[in-house]
Amino acid sequence: MRVLVIESEHKIANVINRGLTQETYEVDVAYDGDSGLSSALTGGHDIIILDRMLAGSMEGLAICKEVRQSGIHTPILLLTAKDQVRDRVAGLNAGADDFLIKPFTFGELLTKIQTLLGQPKDAKIKELKVKDLSLDPVKFEVKRGNTIIKLSRREFALLEYLMRNSNRVLGKDSIISHVWNFDADILPNTVEVYMGYLRNKIDKPFKGPHLINTVRGFGYRVGGN
């Protein structure tokens, strides 16, 4: 699947690019409205991720209209900081298929993309298991054995990302881009702090093997040692 990202904030564009590339998408990036429109009109993309507020002479809604008037029906996901109903209606009327309100997490973005592309989401909704640890994304429930473990939303999102990538070593940058909002103020030790929270709830109260492991110099892993 090929994705066109039109986003003038380089930090956000680059994080989206890196995250989607890790998910095996092919990604093209445009940092202003003019080059974004030019890329969109060439076709060849399966979906367009378009920021409403862009550098250059064209903003997001104008690009939507131009793309649709050119007969291109590629799904467009509009990124916007404007969350009023009239702003959403304006985006849909301009030709966008859906919108995502800033700030957002990479997980939210990925779900929107999969929905617009009609990709199967079975892997996203089934229960995850690593040894005796289970996580239900639908019920928002975590258990170790038969014991329910209460987590905050951030802790749950972190554990879910780790479990979806069980036995893989995940670096801090990858964890931050998937679990925290793109514009969140992340301190250098934020990931370590939250990993500590998870260890105190997932590992320390139980007699079984420690499931949350640090791989020094590389990152973190849930699963085998």
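Sort out for me the strands (runs of 3 or more DSSP E) sitting completely within the range 37-125 that have 3 or more residues that are crowded, with 18+ Cβ neighbours inside 10 Å and touching a residue at least 24 places away in the same chain (Cβ under 8 Å).
Answer list for the range 37-125: 47-51, 76-80.
Filter the range 126-148 for residues that are exposed (fewer than 14 other Cβ atoms within 10 Å of the Cβ), at pLDDT 90 or above and of a type in the set (Val, Ile, Thr); which is farthest from the chain's Cα centre (by Cα)?
THR147
With among the aliphatic types (A, V, I, L, M), surrounded by 16 or more Cβ atoms within 10 Å (Cβ to Cβ) and not in a helix (DSSP H, G or I) as the only criterion, which of LEU187, LEU151 stands out?
LEU151
For the range 191-219, which residues satisfy the criterion of being closer than 19 Å to GLY145 by Cα and either part of a loop (DSSP other than H, G, I, E, B) or not assigned by TED's automatic domain parsing to the domain that holds ASP173 (or both)?
The answer is ASP203, LYS204, PRO205, PHE206, LYS207, GLY208, PRO209, HIS210, LEU211.
Residue-wise test of (1) over 30 Å from SER174 (Cα atoms); (2) more than 18 Å from the chain's Cα centre (by Cα).
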site: GLU9; (1), (2): no, no
site: SER38; (1), (2): yes, yes
site: GLY44; (1), (2): no, yes
site: ILE76; (1), (2): no, no
site: ALA81; (1), (2): no, no
site: VAL85; (1), (2): yes, yes
site: LEU92; (1), (2): yes, yes
site: ASP98; (1), (2): no, no
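The values are calculated or read from the model by the stated rules, or taken from the named source; none is laboratory data. Everything numeric here is computed off the predicted structure, so don't read it as measured data. As a convention, Cβ positions derive from the backbone with ideal geometry for all residues, glycine included, and neighbour counts pool all protein chains shown.
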